[in-house]
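Trainee: So that we are looking at the same thing, I have put the structure below in structure tokens.
The values are calculated or read from the model by the stated rules, or taken from the named source; none is laboratory data. Bear in mind the structure is a predicted one, so any value in this text is a computation, not a measurement. Counting neighbours? That spans all protein chains shown, and the Cβs are built from the backbone with ideal geometry, glycine included. We work out accessible area using only protein heavy atoms, side chains counted, and drop any ligands, DNA or RNA first. Shrake-Rupley method; radii C 1.70, N 1.55, O 1.52, S 1.80 Å.
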Amino acid sequence: MEPPAAKEAPSPPLQPAAEEDAMLSATAVMAKEASVAFQGRRYADCAEVLTRLLDMKEGDPKVHHNMAITKAFLDGCPDSNRLLKILCDAKRRSEELACATREQADSANGVGNSAPSGSRGSGVALPFSATHNVSTYGDEFDTTIITFNMAVILYHLHDYESALSVLDPLYRNIEPMDETTALHVCFLLLDITLALQDATKAADIIQYMERAFGVANITSPNENPSIAQQQLAQPKPPVKISVPPDSELNAYAGGYENLSAGILPDDQIEFESLYSSFDGHQNLGRRIFNDFSRASADLAATAADLKVRLQIYKVRLLLLTRNLKVAKRELKVLMNMARGRDSSTELLLKSQLEYARGNYRKAVKLLSTPHNRAEPAMLAIFYNNLGCILHRQRSYHTSIWCFSKALKYTLSLRSEKPMKLSTLSQDKSCLISYNCGVQHLMCGKPLLAASCFREAMPLFYKRPLFWLRFSECSLLALEKGLLCAKGASSCNDEIEVIVVGSGQWRQLIVNHVSLRSNLGCAGVTSGEHKKLVSLGFARQCLLNALLLLNATEQENWVTTSNAEDYIQGTLQGYKNSGQKNTTSTDSKTPSAPTLANVNGEQKGTSLNATLQSSLAFYNEICRKENLKMRQAILGNLAFVELCLENPLKALSYAKSVMQVKDCSRMYIFLSHVYAAEALCTLNRPTDAAEKLSVYIRDGNDIELPYNMENSEKALVEKDSDSEDLAAATVTKVATEESEYSEGLRPEEARGVLYINLAMTAAVQGKVEQANYMVSRGLAMLPNNPRAVLASVYIDLLQGKSQEAVVKLRHCRNVRFRPGSIAASS
Amino acid sequence: MIPVSADVAAELRLLFECATDSNFDSIRREICQLVDSGLDGCILVLRVCLNQVLLNAGEVKNLQLQLQQRLLSDVFRYCLRKTCFTTSFCEVLTTIALTDDFLESLSNLLELSVAEKIGVGLALSDSENSEIKQKGQWFSIAQIEELCMNPIQSVSNDQIHEIVVFLHQYDGLLKHLDTLNNVVSLLKVTERPFFAPVTNGDFDRQPNLSRHLDMYLGSTNDDFESLLSEIGKEISMADIVAELGYGCTVDNTRCKEILSIVEPLDDVAISKLLGAVVGTHSGLGDAHNRYATFVSAILNSHTNDSSQLTKWNADVLVDSINELAPSTNWVRVMEYLDHEGFNIPDETGFYLLMSIYTRACKDPFPLHAVCGSLWKNREGQISFLKHAVSASPDKFTFAHSSRHLDLAGPSQGNHAWSCLDLLEVLCQLAEVGYATSVRSMLEYPLGHCPELLLVGVSHVTTVYNLLQYEVLSCIFPALLKDPTKHNVMNYLWHTNPYVN
């Protein structure tokens, strides 16, 4: 145990010892008075007492803290920023005071006799962090409550990462804490970890709670008075009291947080955080009635209550890990336990379960209780959840309508000024915006999708998938012809043929430059859109996604190795996935995770075993999803770099796609085509031909680069993964006009290969081979303007201009224009 | 890629050398244009530019040389801002012998700022050549360190992003990230969204505690309000009805309930609605589940599974629309059929549309809406006309066309081939990629009323006259041989003597 580095030990004005006793009793009385007032919800009275107390104990961080909390309750905490700052200061001050006291003690006792009151924590196996040693220095300067309250505020601000980083040290040092506080810490931490979808950690906490609080033998209620008395001896009663109401906000957070996280393989889309959480919200309504009795009845939850609460979290965790069978069983247990109580949370969980199991009718029925339509916050969640169900039923436009309704309701909460913390906590606008964005992406509306993602950013900016989706807005805009890029094709591509002269002197000029949409760049005009829907921005998004993905994988690796008994090597090492990523984890040998017992059929197994197998199962899902994400990110990066005329980077990304373990054949194909295109741009057509020739079988024939199952498995919208092989300057060739979210059919992919190989052959002077290939390719892609142009080019190479004209006449994307002045191009 | 001829390089060199005060701007513009043309141009310019810089390095600085230096530096900066700089610069450097202090001296010669130097270093760190790559990395790191020490530089958001990504990619460089974060907080980040992912820092340690809060609260109500209204504008009744399926038209009450969830029900919306209905007249059987979901959740009532509709009830639809929007102008509705996604899948769809129109409006069908001009949605127009020309006269007729060709002879079915507007629009469609579809539509008149068709198309002039030639070459020979058809020849001569 090391003392914290005291940078500026300010030696606070401590009360002289003689006066202290008298002072103590006076302040204790006042503190008790404040405490009673606080408990009785008479915050004004409480504040008044505290003001007097502050006069006597100027600079006491605890009183400051209590004051801040009381004021927050008085006015609803419109300025949570300030409150956080006060708490932060109070915490620092406490630590400084603790430090100073110990220095005094040390100097009095002699340096050798250190570790005086630290003994309380001595039995704890968990490692201490240096800063939190301080908290072991007697209750006088204990910062536990302050820290906890900071985490509560951060949680309500939806800043789960920060909340976790604040609260986690407390959890690591939970043993010496009194039981009430420990419970609050655990429950809040559960809320946070579930919000962050950190199943491993959540399971850890649940298991700890079962062990430590022994759900069966809970603190007997008569223990509480002693705790209370103990507190009253300290001049900090409101501190303690402030805890229950605050944490109450989290108490019944059981709900729909993050329903169906992850990728739905058939949908090629995922809704993280689909159903939004119910944090707080019911409690707010209920707090007024409940809280009073509850807070006065006892500080800790009763045994039955605790059991129910823990069960709720267990079900939520099981839903998160998608172990639906066990979730159903445990939910049944929960329903039985909760008999006679307000069961709205349970009903919602049940609705979520049915949703996850695909019983949408049942889910809707459970969702449509009158309780869910009572107030704006509830309505927002109702419409959001309904939107999710409709999404699963492939009713994308109707679900947008639902999400927009949800957004409207959640925004109506904001009309209240100033925004109170409790309101902010209920604000689900980011989450709903994200859902709305994904839906717009599905419906092929990239600009709106980007605007939605822009608003969702505060909540999602740490998630790789979010950035991948954000980048897809730009790629979709490109495909829709709303953006222009050299070498990219859109579904609006047209071949412009200029007609010059008349009669027998009439000539046709094929205008290769205008191989782009007739919309031009007009589609993307407004400033914000320009920033959010552009290739440069897409690249940034993808890089963000890649960084975050690498980070999570490293993190996972650390946790896996820490909790080895849990998960057996569910994480596979990525060998420097081409990212020149020297930090990349060459991690453990990828051994298959134990997937047995995942569904927990056997009733005999303890829940813990089930939890662990669910975790292993879930981690395996996450690993697979990350793998898919990595392919998509790298593939898209290669494509974007090509569009940005940066073939060197495109080449290196394409190579990294090939290095991804278990890469789908679809992405292997794309990476080959991208690499070949990059090589062509770098003036290395021979290398390009070599890249593509892996698909050549028996002379000049090409095998299907992948089959239908591959392309279906290959994750997400393969929107606009169009590629483009630039060969001779006369024609830029290749690609499909892929239907959004349908991807390239294998036959079309083969056609693309034919055309691309034909072009490389043509550039190398092998006209005959080129001719054969291009005719095969054109047969497979009859409506592709680039294929037609390639064929026209080969015809012209061979001097067959008449055939070329016939092809142009029959092509559906040819547009004849009068050639007046424009013919110069 | 065509190899750039040596002449262009020589010309470029000359341009650099002959720069004077008076032509400075025009020369710079010309060179920049070459850079804009793409990767090849950029590579060429950079190559010449670097050669000139190195050539001039040892020379005495006279006035002319200074001017040239300024031009070179300007051009180099211009290239630096291009996305193709990375590839171009790496390509150029493969042909230049690199000394250890090359980058440093180059940037000094070009008088680059720290930010620009970082750009140069980062570009090289992507090279395929490991030696160049190493040099680029070292150079970047040195420059980033310098930037962190002197944060009074102007660095764009984009570049900060690049630096962050670079630092993340190399282990051991993350120590710079903290410094960089501080730098960033000193810099004026004018553009509000700052997109670099924040490092997972310890909360206590973060100096700027409220940053994330600002981020959260930063998105104001206005942003959301405008987003909401944008989303609202894009929500279309047609899409929703098509998703919910035939159940929507089960009876007037239900239909009106559903139609009124999206406002407003104006002519455009109705037109899109009809388009959706016509396009989905079959195959929506699986929509019942969605419909049940929607009805039970939103309308709070139950559906009867046994009474599943298998097609749209056009009468219910039209009556509901007329009740909700009594002032609907059905001619305008037909005009708006030219919208994205409109497509008539088959004859049944066409007759459904006609039955809707006749129930809604007593006037004859507004022909100008479908063959008055080329639609934006040509595919949709083709799909309409394809069925219109072969429709039975009691369902659809062209008889009331304003530009009706009066030619003696037996009246032809629904008078399609006497309608000049139709022929004109078909000729136009043939030239914008729909020749195949149009040809198949012309098969019937070619067989049954060739003269009428020939005379009709002779009234039409288009850019390429594609269809006219085809019709002519098909019919004209027979016409010449038949002495009874001289009146047709005569007519042709008078309408369009240029038909040849």
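Trainee: Per residue of A:435-445, what is the mean number of Cβ atoms on other protein chains within 10 angstrom of that residue's Cβ? Before the final figure, lay out the partial values.
Mentor: On the way: counts 0, 3, 1, 0, 1, 2, 0, 0, 2, 0, 3.
Per residue, the number of nearby Cβ atoms from other chains is 1 on average.
Trainee: Further question: Where does each of A:R92, B:R81, A:R815 land when they are ordered by accessible area, with a 1.4 Å probe and the largest first?
Mentor: Largest accessible area first, the list is B:R81, A:R92, A:R815.
Trainee: Next question. Give the angle, between 0 and 90 degrees and rounded to the nearest 10, that separates the Cα long axis of helix B:378-389 from the longest principal axis of the Cα atoms of chain B.
Mentor: Computed tilt is about 10 degrees.
Trainee: Follow-up question, since we're still on this one. If packing is taken as the average number of other Cβ atoms within 10 Å across a peptide's residues, how do B:91-100, A:325-334, A:801-810, B:249-258 rank, most packed first? Walk me through the intermediate numbers first.
Mentor: Details: B:91-100: 13.8, A:325-334: 19.4, A:801-810: 15.6, B:249-258: 17.7.
Ranked by mean Cβ neighbours within 10 Å, highest first: A:325-334, B:249-258, A:801-810, B:91-100.
Trainee: Could you give the length gained by full extension between A:E555 and A:S25, i.e. 0.36 nm per residue of separation minus their alpha carbon distance, to one decimal place? Before the final figure, lay out the partial values.
Mentor: Details: separation 530, 0.36 × 530 = 190.80 nm, distance 5.05 nm.
Contour length minus Cα-Cα distance gives 185.7 nm.
Trainee: Suppose R0 equals 51 Å. What FRET efficiency, 1/(1 + (r/R0)^6) with r the Cβ-Cβ distance, do A:Q802 and B:Q308 give to the nearest 0.05?
Mentor: In this case the efficiency is close to 0.35.
Trainee: Across peptide B:159-165, how many C-beta atoms of other chains are within 10 Å of each residue C-beta, on average? Intermediate results must be reported in sequence, preceding the final value.
Mentor: On the way: counts 0, 0, 6, 3, 0, 4, 7.
Partner-chain Cβ atoms within 10 Å, mean over residues of B:159-165: 3.
Trainee: Another question, if that's okay. Within a 10 angstrom radius of each residue's Cβ in B:431-437, how many Cβ atoms of other chains show up on average? Whole number is fine.
Mentor: 5
Trainee: To continue, here is another question. For segment B:1-109, go through all pairs of different Cα atoms, get the mean of 1/r, take its inverse, and jot down that Kirkwood value in Å.
Mentor: 14.2
Trainee: Another one. For a bin width of 10 Å, list the pair-distance distribution of segment B:6-189 built from all Cα-Cα distances, rounded to whole %.
Mentor: 9, 36, 34, 18, 4, 0
Trainee: What residues of segment B:12-37 lie in the reach of a label at B:L54, counting those whose backbone N is under 12 Å from a point 7 Å from the Cα along Cα→Cβ?
Mentor: none
Trainee: Also, I was wondering about something else. Along segment B:253-258, what does the Karplus equation 6.51 cos²θ - 1.76 cosθ + 1.60 (θ = phi - 60°) give for ³J(HN,Hα), rounded to whole Hz, x for Gly and Pro?
Mentor: Ordered by residue, 3J(HN,Hα) equals 4, 4, 4, 5, 4, 6 Hz.
Trainee: Let me ask something else. If R₀ is 45 angstrom, what is the calculated FRET efficiency for the pair A:I509 and B:R70, using the beta carbon separation as r and rounding to 0.05?
Mentor: Once rounded, the FRET efficiency stands at 0.65.
Trainee: Of the cross-linked pairs B:K233/B:K272; A:K480/A:K649; A:K445/A:K624; A:K314/A:K462; A:K445/A:K628, which ones have a Cα-Cα span greater than 20 Å in the structure shown?
Mentor: Numbers: B:K233/B:K272 14 Å; A:K480/A:K649 25 Å; A:K445/A:K624 28 Å; A:K314/A:K462 25 Å; A:K445/A:K628 24 Å.
Those over the limit are A:K480/A:K649; A:K445/A:K624; A:K314/A:K462; A:K445/A:K628.
Trainee: Sorting check: for A:626-633, B:22-29, B:8-15, which peptide has the highest mean count of neighbouring beta carbons within 10 Å, and how do the rest follow? If you can, show how the numbers build up before the last one.
Mentor: Values: A:626-633: 23.4, B:22-29: 12.5, B:8-15: 14.9.
Result, highest mean first: A:626-633, B:8-15, B:22-29.
Trainee: Could you point to the residue in B:V455, B:T484, B:P445 farthest towards the positive end of segment B:373-500's charge dipole, with +1 and -1 charges on the Cβ of Lys/Arg and Asp/Glu respectively?
Mentor: B:P445
Trainee: How far is the Cα center of segment A:633-680 from the Cα center of segment B:93-157, in Å?
Mentor: Value for the Cα centre distance between the two parts: 26 Å.
Trainee: Now for a different question. What would the Debye formula give as log10 I(q)/I(0) at q = 0.11, 0.17, 0.18, 0.21 Å⁻¹ for the alpha-carbon point model of segment B:373-500, no solvent?
Mentor: Each listed q corresponds, in turn, to -0.36, -0.87, -0.98, -1.34.
Trainee: Now for a separate question. Quick one: putting +1 on the C-beta of Lys and Arg, -1 on the C-beta of Asp and Glu, what dipole do you get for segment B:373-500 around its Cα centre, in Debye to the nearest 20?
Mentor: 100
Trainee: If you average the sequence gap of Cα pairs under 8 Å that are 6 or more apart and divide by the length of segment B:6-189, what percent do you get for the contact order? Intermediate results must be reported in sequence, preceding the final value.
Mentor: Details: 159 pairs, mean separation 30.1, N = 184.
Relative CO of segment B:6-189 lands at 16 percent.
Trainee: Among B:V262, B:A297, B:L228, which residue has its Cα furthest toward the positive end of the charge dipole of segment B:216-363, with +1 on Lys/Arg Cβ and -1 on Asp/Glu Cβ?
Mentor: Of the options given, the answer is B:A297.
Trainee: Excluding B:E111 itself, what net charge comes from residues whose Cβ is under 13 Å from its Cβ, given Lys and Arg +1 and Asp and Glu -1?
Mentor: Summing Lys/Arg as +1 and Asp/Glu as -1 gives +1.
Trainee: Expressed as an acute angle from 0 to 90° and rounded to the nearest 10, what is the orientation of the C-alpha long axis of helix B:267-279 relative to the principal long axis of chain B?
Mentor: Helix B:267-279 and the main axis of chain B meet at about 80 degrees.
Trainee: If you wrap a convex hull around the alpha carbons of chain B, what volume per residue comes out, as a whole number of Å³?
Mentor: For chain B, the hull spanned by Cα atoms encloses 275 Å³ per residue.
Trainee: R0 = 56 Å: FRET efficiency of B:E340 with B:N487, Cβ-based, nearest 0.05? Please list the in-between numbers first.
Mentor: Numbers: r = 46 Å, r/R0 = 0.82.
With R0 = 56 Å, the Cβ-Cβ based efficiency is 0.75.
Trainee: Note down the relative contact order for segment B:216-363 as a percent, whole number, built from C-alpha pairs under 8 angstrom at least six residues apart.
Mentor: Reported relative contact order: 32 percent.
Trainee: Quote the Stokes-Einstein diffusion coefficient, in whole µm² s⁻¹, for segment B:216-363, based on the Kirkwood radius over alpha carbon pairs, a temperature of 4 °C and a viscosity of 1.567 mPa s.
Mentor: This corresponds to a translational diffusion coefficient of 80 µm²/s.
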